[in-house]
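Asker: Got a structure for you, questions after.
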Amino acid sequence: MFKIPDWFTSWSAKNPKDIYGPAILVGAVGGAVFVAALIVTWGYPAPTVSTQTGPRGTGMSITDFARDAGRPDPTIEGFVSFDVVPPQPGDARAGDVIENAEPLLADLTVANYERLIRAMQEWTGIPDLLETEEENYQTIVARSMIEMTQNINEGWVGHVGDTGVTCYTCHRGEPVPNEIWFKITPVNMAAAGWSAVQNRATPQSQFTSLPSDALEKLLLDGERISVHDLEPRVRTMPGDPTWQDTERTYSLMNYFSNALGVNCLFCHNSAAFFDPAQVTPQWANASIGISMVLEINNDWLVPLGDVLPEHRLGPIHGDAPKAACATCHQGYSKPLQGLPVLSDWPELATTGEPVYE
(Lines give C-alpha, C1' and ligand atoms only; values in the text may rest on other atoms or scores of the structure.)
Protein backbone atom coordinates (compact mmCIF):
# COMPACT_ATOMS: atom_id res chain seq x y z
CA MET A 1 0.00 0.00 0.00
CA PHE A 2 1.35 3.36 -1.01
CA LYS A 3 2.35 5.64 1.87
CA ILE A 4 3.22 9.34 1.57
CA PRO A 5 6.83 9.75 2.69
CA ASP A 6 7.36 11.28 6.13
CA TRP A 7 9.68 13.93 4.74
CA PHE A 8 6.93 15.21 2.38
CA THR A 9 4.38 15.37 5.17
CA SER A 10 6.87 17.21 7.39
CA TRP A 11 7.85 19.63 4.62
CA SER A 12 4.20 20.38 3.74
CA ALA A 13 3.40 21.13 7.39
CA LYS A 14 6.29 23.59 7.59
CA ASN A 15 5.48 25.21 4.21
CA PRO A 16 1.67 25.61 3.96
CA LYS A 17 0.34 26.73 0.52
CA ASP A 18 -3.04 27.96 -0.80
CA ILE A 19 -4.07 25.14 -3.11
CA TYR A 20 -7.58 26.57 -3.84
CA GLY A 21 -6.47 29.61 -5.82
CA PRO A 22 -4.42 27.67 -8.40
CA ALA A 23 -7.15 25.02 -8.56
CA ILE A 24 -9.82 27.62 -9.38
CA LEU A 25 -7.56 29.21 -11.99
CA VAL A 26 -6.78 25.88 -13.63
CA GLY A 27 -10.47 24.96 -13.54
CA ALA A 28 -11.53 28.25 -15.12
CA VAL A 29 -8.94 27.98 -17.88
CA GLY A 30 -9.88 24.38 -18.50
CA GLY A 31 -13.57 25.26 -18.64
CA ALA A 32 -12.91 28.08 -21.10
CA VAL A 33 -10.88 25.75 -23.32
CA PHE A 34 -13.68 23.20 -23.16
CA VAL A 35 -16.34 25.75 -24.14
CA ALA A 36 -14.15 27.10 -26.94
CA ALA A 37 -13.67 23.58 -28.24
CA LEU A 38 -17.45 23.03 -28.24
CA ILE A 39 -18.05 26.28 -30.15
CA VAL A 40 -15.41 25.36 -32.74
CA THR A 41 -16.73 21.85 -33.24
CA TRP A 42 -20.49 22.35 -32.79
CA GLY A 43 -20.92 26.03 -33.71
CA TYR A 44 -22.03 29.08 -31.70
CA PRO A 45 -25.20 28.17 -29.79
CA ALA A 46 -26.81 31.61 -30.32
CA PRO A 47 -25.74 32.79 -33.81
CA THR A 48 -26.48 36.36 -34.83
CA VAL A 49 -27.34 38.03 -38.11
CA SER A 50 -26.76 41.64 -39.14
CA THR A 51 -29.19 43.76 -41.12
CA GLN A 52 -27.75 46.66 -43.05
CA THR A 53 -29.85 49.79 -42.47
CA GLY A 54 -27.74 52.26 -44.44
CA PRO A 55 -24.50 52.66 -46.42
CA ARG A 56 -21.81 50.17 -45.49
CA GLY A 57 -18.90 51.44 -43.44
CA THR A 58 -21.04 53.98 -41.61
CA GLY A 59 -22.10 51.82 -38.69
CA MET A 60 -25.66 51.61 -40.02
CA SER A 61 -26.51 48.03 -39.16
CA ILE A 62 -28.37 46.20 -36.42
CA THR A 63 -27.62 42.78 -35.00
CA ASP A 64 -30.20 40.24 -33.90
CA PHE A 65 -30.09 36.70 -32.66
CA ALA A 66 -30.81 34.46 -35.62
CA ARG A 67 -33.61 32.76 -33.72
CA ASP A 68 -35.36 36.12 -33.27
CA ALA A 69 -34.73 37.37 -36.80
CA GLY A 70 -36.29 34.22 -38.23
CA ARG A 71 -39.28 34.25 -35.88
CA PRO A 72 -42.40 34.22 -38.08
CA ASP A 73 -45.38 36.43 -37.32
CA PRO A 74 -48.05 33.90 -36.27
CA THR A 75 -50.87 36.13 -37.54
CA ILE A 76 -49.70 35.81 -41.16
CA GLU A 77 -51.50 32.48 -41.39
CA GLY A 78 -54.81 34.24 -40.72
CA PHE A 79 -54.61 36.50 -43.77
CA VAL A 80 -56.97 35.43 -46.53
CA SER A 81 -57.05 36.67 -50.10
CA PHE A 82 -59.08 35.85 -53.18
CA ASP A 83 -58.05 36.10 -56.81
CA VAL A 84 -58.88 39.27 -58.68
CA VAL A 85 -61.81 39.02 -61.09
CA PRO A 86 -61.04 41.42 -63.97
CA PRO A 87 -64.30 43.09 -65.07
CA GLN A 88 -65.67 42.07 -68.45
CA PRO A 89 -67.83 44.16 -70.80
CA GLY A 90 -71.44 43.90 -69.75
CA ASP A 91 -70.74 42.76 -66.16
CA ALA A 92 -73.48 43.91 -63.83
CA ARG A 93 -72.66 46.43 -61.14
CA ALA A 94 -73.29 45.63 -57.49
CA GLY A 95 -75.48 48.67 -56.97
CA ASP A 96 -77.83 47.51 -59.75
CA VAL A 97 -78.15 43.92 -58.59
CA ILE A 98 -77.49 43.61 -54.84
CA GLU A 99 -80.15 45.01 -52.55
CA ASN A 100 -78.74 47.39 -49.92
CA ALA A 101 -75.30 47.26 -51.52
CA GLU A 102 -72.75 49.47 -49.79
CA PRO A 103 -72.89 52.77 -51.74
CA LEU A 104 -69.13 53.25 -51.53
CA LEU A 105 -68.61 49.96 -53.43
CA ALA A 106 -71.72 50.02 -55.61
CA ASP A 107 -69.75 50.59 -58.83
CA LEU A 108 -67.81 47.35 -58.43
CA THR A 109 -68.85 44.32 -60.42
CA VAL A 110 -70.93 41.83 -58.49
CA ALA A 111 -68.06 39.32 -58.35
CA ASN A 112 -65.57 41.85 -56.99
CA TYR A 113 -68.09 43.38 -54.60
CA GLU A 114 -68.84 39.97 -53.08
CA ARG A 115 -65.16 38.95 -52.88
CA LEU A 116 -64.23 42.22 -51.15
CA ILE A 117 -67.10 42.01 -48.64
CA ARG A 118 -66.22 38.38 -47.91
CA ALA A 119 -62.56 39.30 -47.38
CA MET A 120 -63.39 42.19 -45.05
CA GLN A 121 -65.61 39.90 -43.00
CA GLU A 122 -62.68 37.48 -42.62
CA TRP A 123 -60.16 40.25 -41.91
CA THR A 124 -62.26 41.87 -39.18
CA GLY A 125 -63.92 38.80 -37.70
CA ILE A 126 -67.38 40.33 -38.26
CA PRO A 127 -69.38 37.73 -40.24
CA ASP A 128 -72.25 40.06 -41.18
CA LEU A 129 -70.21 43.17 -41.94
CA LEU A 130 -72.04 45.41 -44.44
CA GLU A 131 -74.85 42.91 -44.87
CA THR A 132 -77.41 44.62 -42.65
CA GLU A 133 -80.46 46.27 -44.18
CA GLU A 134 -80.33 49.21 -41.78
CA GLU A 135 -77.42 51.57 -41.32
CA ASN A 136 -75.83 51.25 -37.89
CA TYR A 137 -72.55 52.25 -36.29
CA GLN A 138 -70.75 49.27 -37.84
CA THR A 139 -71.72 50.22 -41.39
CA ILE A 140 -70.73 53.85 -40.78
CA VAL A 141 -67.38 52.83 -39.29
CA ALA A 142 -66.75 50.26 -42.04
CA ARG A 143 -67.42 52.86 -44.72
CA SER A 144 -65.03 55.31 -43.07
CA MET A 145 -62.37 52.63 -42.69
CA ILE A 146 -62.61 51.68 -46.37
CA GLU A 147 -62.05 55.32 -47.30
CA MET A 148 -59.19 55.56 -44.82
CA THR A 149 -57.52 52.44 -46.25
CA GLN A 150 -57.78 53.79 -49.78
CA ASN A 151 -56.36 57.12 -48.63
CA ILE A 152 -53.39 55.44 -46.91
CA ASN A 153 -52.55 53.28 -49.93
CA GLU A 154 -52.84 56.20 -52.33
CA GLY A 155 -51.53 59.11 -50.28
CA TRP A 156 -48.91 57.52 -48.05
CA VAL A 157 -46.94 55.36 -50.50
CA GLY A 158 -43.77 56.84 -49.00
CA HIS A 159 -44.49 54.83 -45.86
CA VAL A 160 -46.53 51.77 -46.88
CA GLY A 161 -44.94 51.30 -50.32
CA ASP A 162 -46.42 48.80 -52.76
CA THR A 163 -47.07 46.42 -49.87
CA GLY A 164 -49.98 48.57 -48.77
CA VAL A 165 -52.50 47.92 -46.04
CA THR A 166 -55.88 46.22 -45.75
CA CYS A 167 -58.31 45.81 -42.87
CA TYR A 168 -56.28 42.80 -41.74
CA THR A 169 -53.14 44.88 -41.22
CA CYS A 170 -54.67 46.26 -38.03
CA HIS A 171 -57.57 43.94 -37.19
CA ARG A 172 -55.85 40.54 -37.57
CA GLY A 173 -59.23 38.81 -37.57
CA GLU A 174 -60.62 40.72 -34.58
CA PRO A 175 -63.51 43.24 -34.61
CA VAL A 176 -61.35 45.69 -32.65
CA PRO A 177 -57.58 45.88 -33.30
CA ASN A 178 -55.49 44.79 -30.33
CA GLU A 179 -53.00 47.66 -30.42
CA ILE A 180 -55.25 50.69 -30.06
CA TRP A 181 -54.96 53.28 -27.32
CA PHE A 182 -57.05 55.77 -25.37
CA LYS A 183 -56.27 58.82 -23.27
CA ILE A 184 -55.53 57.80 -19.69
CA THR A 185 -53.97 60.84 -18.07
CA PRO A 186 -53.75 61.92 -15.34
CA VAL A 187 -52.35 58.68 -13.96
CA ASN A 188 -51.19 60.04 -10.59
CA MET A 189 -54.24 61.39 -8.79
CA ALA A 190 -52.20 62.55 -5.80
CA ALA A 191 -50.23 65.04 -7.88
CA ALA A 192 -50.93 67.88 -10.25
CA GLY A 193 -49.17 69.36 -13.25
CA TRP A 194 -46.36 67.44 -14.87
CA SER A 195 -46.11 64.85 -12.09
CA ALA A 196 -49.65 63.68 -12.80
CA VAL A 197 -48.72 62.11 -16.16
CA GLN A 198 -45.88 59.82 -15.09
CA ASN A 199 -44.51 57.49 -12.43
CA ARG A 200 -47.20 54.91 -13.06
CA ALA A 201 -46.57 51.79 -15.12
CA THR A 202 -49.08 51.95 -17.98
CA PRO A 203 -49.34 50.37 -21.46
CA GLN A 204 -48.89 53.83 -23.02
CA SER A 205 -45.56 54.29 -21.21
CA GLN A 206 -44.52 50.69 -22.00
CA PHE A 207 -44.88 49.95 -18.28
CA THR A 208 -42.12 52.36 -17.30
CA SER A 209 -42.23 55.49 -15.15
CA LEU A 210 -41.93 57.64 -18.28
CA PRO A 211 -44.82 59.95 -19.23
CA SER A 212 -48.06 58.21 -20.17
CA ASP A 213 -49.22 61.07 -22.39
CA ALA A 214 -46.50 60.76 -25.06
CA LEU A 215 -48.82 59.15 -27.63
CA GLU A 216 -51.49 61.73 -26.91
CA LYS A 217 -49.20 64.76 -27.17
CA LEU A 218 -46.97 63.57 -30.02
CA LEU A 219 -49.21 61.32 -32.17
CA LEU A 220 -52.51 63.14 -31.64
CA ASP A 221 -51.84 66.77 -30.70
CA GLY A 222 -48.81 66.95 -32.98
CA GLU A 223 -46.45 68.53 -30.46
CA ARG A 224 -42.75 68.71 -31.22
CA ILE A 225 -40.63 65.57 -30.80
CA SER A 226 -37.33 66.79 -29.35
CA VAL A 227 -34.75 66.05 -26.67
CA HIS A 228 -32.65 69.14 -25.97
CA ASP A 229 -31.09 72.21 -27.48
CA LEU A 230 -28.05 71.39 -29.57
CA GLU A 231 -26.11 74.35 -28.19
CA PRO A 232 -24.61 73.97 -24.69
CA ARG A 233 -25.37 76.28 -21.78
CA VAL A 234 -28.08 78.30 -23.50
CA ARG A 235 -30.93 80.20 -21.90
CA THR A 236 -34.20 78.41 -22.54
CA MET A 237 -36.40 80.46 -24.82
CA PRO A 238 -40.04 79.95 -25.87
CA GLY A 239 -40.20 77.02 -28.26
CA ASP A 240 -36.96 75.43 -27.05
CA PRO A 241 -37.15 71.80 -25.88
CA THR A 242 -37.90 71.39 -22.19
CA TRP A 243 -37.15 68.45 -19.96
CA GLN A 244 -40.82 67.49 -20.31
CA ASP A 245 -40.27 67.26 -24.07
CA THR A 246 -37.22 65.12 -23.41
CA GLU A 247 -39.09 62.63 -21.24
CA ARG A 248 -42.02 62.43 -23.65
CA THR A 249 -39.62 61.81 -26.51
CA TYR A 250 -37.90 59.01 -24.59
CA SER A 251 -41.32 57.53 -23.85
CA LEU A 252 -42.25 57.67 -27.53
CA MET A 253 -38.92 56.19 -28.65
CA ASN A 254 -39.36 53.36 -26.17
CA TYR A 255 -42.79 52.76 -27.66
CA PHE A 256 -41.35 52.76 -31.20
CA SER A 257 -38.72 50.21 -30.19
CA ASN A 258 -41.28 47.78 -28.79
CA ALA A 259 -43.79 48.40 -31.57
CA LEU A 260 -41.28 47.53 -34.30
CA GLY A 261 -39.08 45.08 -32.41
CA VAL A 262 -35.94 47.15 -33.07
CA ASN A 263 -33.53 49.36 -31.17
CA CYS A 264 -32.37 52.96 -31.63
CA LEU A 265 -29.90 52.07 -34.39
CA PHE A 266 -32.69 51.03 -36.72
CA CYS A 267 -33.32 54.72 -37.44
CA HIS A 268 -30.43 56.59 -35.84
CA ASN A 269 -26.70 56.58 -36.46
CA SER A 270 -25.10 56.33 -33.02
CA ALA A 271 -22.20 58.49 -34.23
CA ALA A 272 -24.50 61.40 -35.05
CA PHE A 273 -27.94 61.13 -33.51
CA PHE A 274 -28.88 64.71 -34.42
CA ASP A 275 -27.45 65.00 -37.92
CA PRO A 276 -30.22 64.39 -40.48
CA ALA A 277 -27.56 63.76 -43.12
CA GLN A 278 -26.27 60.72 -41.24
CA VAL A 279 -29.46 58.98 -40.11
CA THR A 280 -30.55 55.72 -41.69
CA PRO A 281 -33.13 55.58 -44.49
CA GLN A 282 -35.56 54.12 -41.95
CA TRP A 283 -35.50 57.45 -40.10
CA ALA A 284 -37.15 59.16 -43.06
CA ASN A 285 -39.68 56.35 -43.37
CA ALA A 286 -40.51 56.67 -39.67
CA SER A 287 -40.90 60.44 -39.99
CA ILE A 288 -43.44 59.92 -42.78
CA GLY A 289 -45.17 57.32 -40.61
CA ILE A 290 -45.50 59.81 -37.75
CA SER A 291 -47.24 62.28 -40.07
CA MET A 292 -49.45 59.49 -41.38
CA VAL A 293 -50.51 58.44 -37.88
CA LEU A 294 -51.34 62.05 -36.99
CA GLU A 295 -53.66 62.20 -39.99
CA ILE A 296 -55.21 58.80 -39.24
CA ASN A 297 -55.99 59.82 -35.68
CA ASN A 298 -57.27 63.33 -36.32
CA ASP A 299 -59.04 62.89 -39.66
CA TRP A 300 -60.37 59.36 -39.42
CA LEU A 301 -60.50 57.92 -35.91
CA VAL A 302 -61.28 60.79 -33.54
CA PRO A 303 -64.41 61.77 -35.54
CA LEU A 304 -65.80 58.26 -34.94
CA GLY A 305 -66.26 59.19 -31.27
CA ASP A 306 -69.65 60.62 -32.25
CA VAL A 307 -70.69 57.32 -33.85
CA LEU A 308 -69.28 54.54 -31.68
CA PRO A 309 -71.36 53.14 -28.79
CA GLU A 310 -70.20 53.78 -25.25
CA HIS A 311 -68.63 50.34 -24.80
CA ARG A 312 -66.26 51.07 -27.73
CA LEU A 313 -64.99 54.32 -26.22
CA GLY A 314 -62.15 54.98 -23.77
CA PRO A 315 -62.82 54.02 -20.15
CA ILE A 316 -61.63 57.32 -18.66
CA HIS A 317 -62.33 60.12 -21.13
CA GLY A 318 -64.88 58.44 -23.39
CA ASP A 319 -62.67 59.11 -26.43
CA ALA A 320 -62.50 57.18 -29.68
CA PRO A 321 -59.82 54.50 -30.11
CA LYS A 322 -56.66 55.74 -31.76
CA ALA A 323 -53.78 54.20 -33.69
CA ALA A 324 -50.01 54.23 -33.36
CA CYS A 325 -47.11 52.22 -34.79
CA ALA A 326 -47.94 49.00 -32.94
CA THR A 327 -51.46 48.98 -34.40
CA CYS A 328 -50.00 47.87 -37.74
CA HIS A 329 -46.49 46.63 -36.92
CA GLN A 330 -47.28 44.56 -33.82
CA GLY A 331 -43.65 43.90 -32.93
CA TYR A 332 -42.13 43.63 -36.42
CA SER A 333 -40.20 46.20 -38.46
CA LYS A 334 -42.64 45.58 -41.32
CA PRO A 335 -46.32 44.77 -40.72
CA LEU A 336 -46.95 41.09 -41.36
CA GLN A 337 -43.22 40.91 -42.16
CA GLY A 338 -43.71 42.64 -45.50
CA LEU A 339 -46.50 40.40 -46.81
CA PRO A 340 -47.86 42.14 -49.97
CA VAL A 341 -51.43 42.33 -48.70
CA LEU A 342 -52.58 44.80 -51.36
CA SER A 343 -51.57 42.79 -54.42
CA ASP A 344 -55.02 41.21 -54.90
CA TRP A 345 -57.05 44.23 -53.83
CA PRO A 346 -57.01 47.09 -56.37
CA GLU A 347 -60.34 48.22 -54.86
CA LEU A 348 -58.43 49.32 -51.75
CA ALA A 349 -55.41 50.76 -53.55
CA THR A 350 -56.98 54.00 -54.71
CA THR A 351 -59.80 56.42 -54.06
CA GLY A 352 -60.46 56.39 -57.81
CA GLU A 353 -61.35 53.65 -60.27
CA PRO A 354 -59.68 50.33 -59.42
CA VAL A 355 -57.05 49.17 -61.90
CA TYR A 356 -57.34 45.43 -62.56
CA GLU A 357 -54.43 43.59 -64.15
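The values are calculated or read from the model by the stated rules, or taken from the named source; none is laboratory data. In this text, all values refer to a predicted model and were calculated from it rather than measured experimentally. Here the Cβ is made from the backbone with ideal geometry for all residues, glycine too, and neighbour counts use every protein chain on show.
Asker: Taking the stretch 170-187 as the region of interest, how many residues are within 17 Å of the chain's Cα centre (by Cα) and either closer than 17 Å to T350 by Cα or among the basic types (K, R) (or both)?
Answerer: Counting residues in the stretch 170-187 that are within 17 Å of the chain's Cα centre (by Cα) and either closer than 17 Å to T350 by Cα or among the basic types (K, R) (or both) gives 1.
Asker: Now a separate question. Could you list all residues from the stretch 173-198 that are β-branched (V, I, T) and surrounded by 15 or more Cβ atoms within 10 Å (Cβ to Cβ)?
Answerer: Matches in the stretch 173-198: I180, I184, T185, V187, V197.
Asker: List, please: which pairs have Cβ atoms under 6 Å, are six or more places apart or on different chains, and start with a residue in the stretch 240-257 that is in the same structural domain as L215 (by TED's automatic domain parsing) and end with one that is in a helix (DSSP H, G or I) and surrounded by fewer than 16 Cβ atoms within 10 Å (Cβ to Cβ)?
Answerer: Q244/W194
Asker: Please go through the stretch 173-202 and pick out each residue that is part of a helix (DSSP H, G or I) and among the hydroxyl-bearing types (S, T, Y).
Answerer: S195, the sole residue that qualifies.
Asker: Select from the stretch 325-339 the residues that are of a type in the set (S, T, N, Q) and outside any loop (DSSP other than H, G, I, E, B) and list them in ascending order.
Answerer: Scanning the stretch 325-339 gives T327, Q337.
Asker: Can you pull out the residues in the stretch 56-87 that are surrounded by fewer than 14 Cβ atoms within 10 Å (Cβ to Cβ), in a loop (DSSP other than H, G, I, E, B) and under 18 Å from the mean Cα position of the chain (by Cα)?
Answerer: G70, P72
Asker: Within the set of pairs 6+ apart or on separate chains, which have a first residue in the stretch 169-190 that is more than 19 Å from T202 (Cβ to Cβ), a second that is part of a strand (DSSP E or B), and C-beta atoms under 8 Å apart?
Answerer: Taking only residues 6 or more apart or on different chains, not a single pair turns up.
Asker: Filter the stretch 199-226 for residues that are among the β-branched types (V, I, T) and without any contact (Cβ under 8 Å) to a residue 40 or more places away in the chain and give the result.
Answerer: Once the filter is applied, which keeps residues that are among the β-branched types (V, I, T) and without any contact (Cβ under 8 Å) to a residue 40 or more places away in the chain, the stretch 199-226 yields only T202.
Asker: Another one. Being without any contact (Cβ under 8 Å) to a residue 60 or more places away in the chain and touching a Phe, Trp or Tyr at 6+ places or on another chain (Cβ under 6 Å) is true for just one of R67, R143, R93, R115. Which residue is that?
Answerer: Selected residue: R115, the only one of R67, R143, R93, R115 that is without any contact (Cβ under 8 Å) to a residue 60 or more places away in the chain and touching a Phe, Trp or Tyr at 6+ places or on another chain (Cβ under 6 Å).
Asker: Give the residue that is surrounded by the fewest Cβ atoms within 10 Å (Cβ to Cβ), with candidates limited to residues of the stretch 346-357 that are in a loop (DSSP other than H, G, I, E, B) and touching a helix residue (DSSP H, G or I) at 6+ places or on another chain (Cβ under 7 Å).
Answerer: Out of the qualifying residues, it is V355.
Asker: Could I ask something else about it? Here is a list of conditions, (1) surrounded by fewer than 16 Cβ atoms within 10 Å (Cβ to Cβ); (2) farther than 19 Å from W123 by Cα; (3) out of contact with any His (no Cβ under 6 Å at 6 or more places or on another chain), and S343 meets all of them except one; can you say which number that is?
Answerer: If we test S343 against (1) surrounded by fewer than 16 Cβ atoms within 10 Å (Cβ to Cβ); (2) farther than 19 Å from W123 by Cα; (3) out of contact with any His (no Cβ under 6 Å at 6 or more places or on another chain), just (2) comes out false.
Asker: Select the helices (runs of 4 or more DSSP H) contained entirely in the stretch 88-172, then report the ones holding at least 3 residues which are surrounded by fewer than 18 Cβ atoms within 10 Å (Cβ to Cβ).
Answerer: In the stretch 88-172, 94-97, 110-124, 137-155 are the helices (runs of 4 or more DSSP H) which contain 3 or more residues that are surrounded by fewer than 18 Cβ atoms within 10 Å (Cβ to Cβ).
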